[in-house]
Amino acid sequence: MTSASSTTTQTFTAKVATPTTRLVGAMAIVSMAWVVLGGLFVTPSDVNQGDAVRIMYVHVPTAWVAYLAFIVTAIASACWLLSRKHAMGFDRVAGASAEVGVIFMAMTLLSGGLWGRITWGTYWAWDPRLTTTAFLLVTYIGYLAVRGLGGSLEQRARRSAVIALLAVLEIPLVHFSVLMWRSLHQRASVLSGDGDIKMDGSMLTTLLVGVIGFTCTFAWLVMHRSRVLAMQDAVQSSQLDAALQDRASESAGLK
Amino acid sequence: MSGLGARPISISRVARVIATKDLRIELRSRVVTNQVFPFAGLVMVMFAFALDNDAVLSRVAGGLVWLATLFSLIILVQRSFAVDSADGALEAQRVAGLDPAGIFIGKAIAVMAQLVVLEMLLLLAAVVLYRVELHISGVVLLVTCVICATAGLAFVGTLYGGLTAGARGRETLLPLLMLPVVAPVLIGATRATESAFTSGGAAVSDGWPWVGVLAVFAVVFAIGGILSFGSLIEE
């Protein structure tokens, strides 16, 4: 019966780069190069924080991208649930965005911890924003685990879409309860100093370019990852088709 | 099938039947009374070993009670669905045309009933082992807090338990998914319980806003569960 399966093996030709992804990729490279140059050499060091302020050019954009990623996941999940055809593209974008989001969120917590250690003398504080971010990370690690549970593509899409939307319920509740918890015990003071940073023009520009650069990197990664996921899904369904065909020819042979 | 499937059974009846079934299984198997309750008690003793200070213990008693409850919740939920998924009973219930919202509410009620008994024992253990004092004024707060927190825990537990039922590695996946979600319950119930115990100089009135948070949480996840449980357990 092996001959039957070998004939059904398909080759997948999928475009790995399109003009859009090339453009986004190029924008990402250019803006990231700007951030590296601007962040490390052009911008001045901070009056109080010294060179530690340069962490901001990575920390703020990664935090922005991480939150953006989870918004994209939630919207794509809602689109999958609401769309009549249940187009799998939405599910793949949701999954790809969550994967990239988890990496960026980990980078945010890491860079924030290091920055906090230098400026405030502590890696971690029970600030509502920090705590919510950490919970978001764990929640989406769980989301990715749910995506890996197995089963049919439709099953994966439905489960993970529901989990992503439940996370939208959960995160505001976590944030609110941590906010209330801290406000009853001590004022959340750690991050309130952020607004006091007097920002030089070159610093602000570098920061904005950083946000654009990291957003482009995110978009580029999500687009490519979605394509890879599409190919993985195609392989999975073709293997299923091949197995079905094998079984069909087997039963035909028995007759 | 003649005539039997013509009228769907109402959600409340499904919920009642499922809750009775689950509780009857637990009463007859005695796993909860003989294993889960002793486990929770053991956790309370272990906390005392780890903290090793009477003043600290009575200060953090509220948090320890709810932590022990969360650990036990994981076991209770896993058990609740293991009983069903072992021989495909959950699928059978779906095939039989039972409304998933009814199954969700029924299983949550059964978990809730077990949790309430467990929490009573844990609070009693806190009074005995950790020497906390409970005044009459704190009792109303404590009872309301227990009801709201337990409802929230049971709804979230049933929701995520249904998702992981029958999945590979569900023992490890359930806590990973569920614990971040129930964090607001841990925070809220702990603060409310501390107020009821007046530990750390907290006033009883400080606890009521937290009961509000717990009630909102329970309602949100009850609605979320009723709407999504069918999608989660569908094969």
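The values are calculated or read from the model by the stated rules, or taken from the named source; none is laboratory data. All of these numbers come straight from a predicted model, not from anything done at the bench. Cβ atoms come from the backbone with ideal geometry, glycine included; neighbour counts cover every protein chain shown. These accessible areas exclude ligands, DNA and RNA; they are computed on the full protein's heavy atoms, side chains included. Shrake-Rupley method; radii C 1.70, N 1.55, O 1.52, S 1.80 Å.
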Residues (among the small types (G, A, S), more than 9 Å from chain A (Cβ to nearest Cβ) and closer than 23 Å to A:T131 by Cα) located in region B:183-220 = B:A189, B:A192, B:G207, B:G212, B:A215, B:A218
Which one of the conditions (1) surrounded by fewer than 23 Cβ atoms within 10 Å (Cβ to Cβ); (2) in contact with a helix residue (DSSP H, G or I) (Cβ under 7 Å, 6 or more places away or on another chain); (3) closer than 16 Å to B:T20 by Cα does B:L129 fail to meet, given that it meets all the rest?
-> (3)
Filtered residues of region A:89-133 (kept if farther than 30 Å from A:D233 by Cα and charged (D, E, K, R)) = A:R117, A:D127, A:R129
Select from region A:151-171 the residues that are more than 7 Å from chain B (Cβ to nearest Cβ), closer than 22 Å to B:P175 by Cβ and open to solvent by 40 Å² or more (accessible area, probe 1.4 Å) and write down the one among them that is farthest from the chain's Cα centre (by Cα).
-> A:G151
Hey, any hits in region B:160-169 for a residue that's facing chain A (nearest Cβ under 10 Å), basic (K, R) and either in contact (Cβ under 8 Å) with a residue 24 or more places away in the chain or surrounded by fewer than 22 Cβ atoms within 10 Å (Cβ to Cβ) (or both)?
-> yes
Checklist (1) modelled with pLDDT under 95; (2) over 23 Å from A:P172 (Cβ atoms) applied to A:W126, failing item | (2)
Does B:G41 satisfy the condition of being of a type outside the set (A, V, I, L, M), in a helix (DSSP H, G or I) and modelled with pLDDT under 90?
-> no
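Could you list all residues from region A:104-127 that are farther than 20 Å from A:L68 by Cβ, assigned to a helix (DSSP H, G or I) and within 14 Å of chain B (Cβ to nearest Cβ)?
The initial filter retains those residues of region A:104-127 that are farther than 20 Å from A:L68 by Cβ, namely A:113-127.
If we keep only those that are assigned to a helix (DSSP H, G or I) as well, we get A:113-119.
Of everything in region A:104-127, nothing turns out to be farther than 20 Å from A:L68 by Cβ, assigned to a helix (DSSP H, G or I) and within 14 Å of chain B (Cβ to nearest Cβ).
Check whether at least one residue in region B:118-141 is over 30 Å from B:S231 (Cα atoms), basic (K, R) and either in a loop (DSSP other than H, G, I, E, B) or touching a Pro at 6+ places or on another chain (Cβ under 9 Å) (or both), and report yes or no.
Quick first cut of region B:118-141, residues over 30 Å from B:S231 (Cα atoms) only: B:118-141.
Of the ones still in play, those that are also basic (K, R) are B:131.
Those left that are additionally either in a loop (DSSP other than H, G, I, E, B) or touching a Pro at 6+ places or on another chain (Cβ under 9 Å) (or both): B:131.
Among the residues of region B:118-141, at least one is over 30 Å from B:S231 (Cα atoms), basic (K, R) and either in a loop (DSSP other than H, G, I, E, B) or touching a Pro at 6+ places or on another chain (Cβ under 9 Å) (or both), which makes the answer yes.
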List every residue pair whose Cβ atoms lie under 7 Å apart, where the two residues are 6 or more positions apart in sequence or sit on different chains, the first residue falls within region A:25-41 and is open to solvent by 50 Å² or more (accessible area, probe 1.4 Å), and the second residue, located anywhere, is among the basic types (K, R).
-> A:L40/A:R54
Considering region A:105-150, residues that are aromatic (F, W, Y) and crowded, with 19+ Cβ neighbours inside 10 Å, and then whichever is farthest from A:L165 (Cα to Cα), we arrive at A:W115
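Just wondering, is there one or more residues in region B:167-176 that are hydroxyl-bearing (S, T, Y) and over 18 Å from A:S177 (Cα atoms)? Don't jump to the end; show me each part of the working.
So the first thing to find is which residues in region B:167-176 are hydroxyl-bearing (S, T, Y), and the list is B:172.
After this cut, where a residue has to be over 18 Å from A:S177 (Cα atoms) as well, the list is B:172.
Yes - at least one qualifying residue is present in region B:167-176.
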Region B:170-201 - residue that is open to solvent by 40 Å² or more (accessible area, probe 1.4 Å) and of a type in the set (V, I, T) and, of those, farthest from A:Y140 (Cα to Cα) | B:T198
Filter region A:149-170 for residues that are farther than 24 Å from B:I223 by Cα and out of contact with any Gly (no Cβ under 9 Å at 6 or more places or on another chain) and give the result.
-> A:G150, A:G151, A:S152, A:L153
Of the residues in region B:221-234 that are touching a Lys or Arg at 6+ places or on another chain (Cβ under 8 Å) and facing chain A (nearest Cβ under 9 Å), the one that is most open to solvent (accessible area, probe 1.4 Å) is B:E234
May I ask you to list pairs of residues, at least six apart or on different chains, whose Cβ atoms are under 7 Å apart, with the first in region B:201-226 being under 20 Å from B:G63 (Cβ atoms) and the second being open to solvent by 10 Å² or more (accessible area, probe 1.4 Å) and basic (K, R)?
-> B:G207/B:R191; B:W210/B:R191
Inter-residue pairs, beta-carbon under 8 Å, first within 12 Å of A:A106 (Cα to Cα) and open to solvent by less than 20 Å² (accessible area, probe 1.4 Å) and in region A:49-66, second hydroxyl-bearing (S, T, Y) and not in a strand (DSSP E or B), 6+ apart | A:T62/A:T108; A:T62/A:S111; A:V65/A:T215; A:V65/A:T217; A:A66/A:T108; A:A66/A:T133
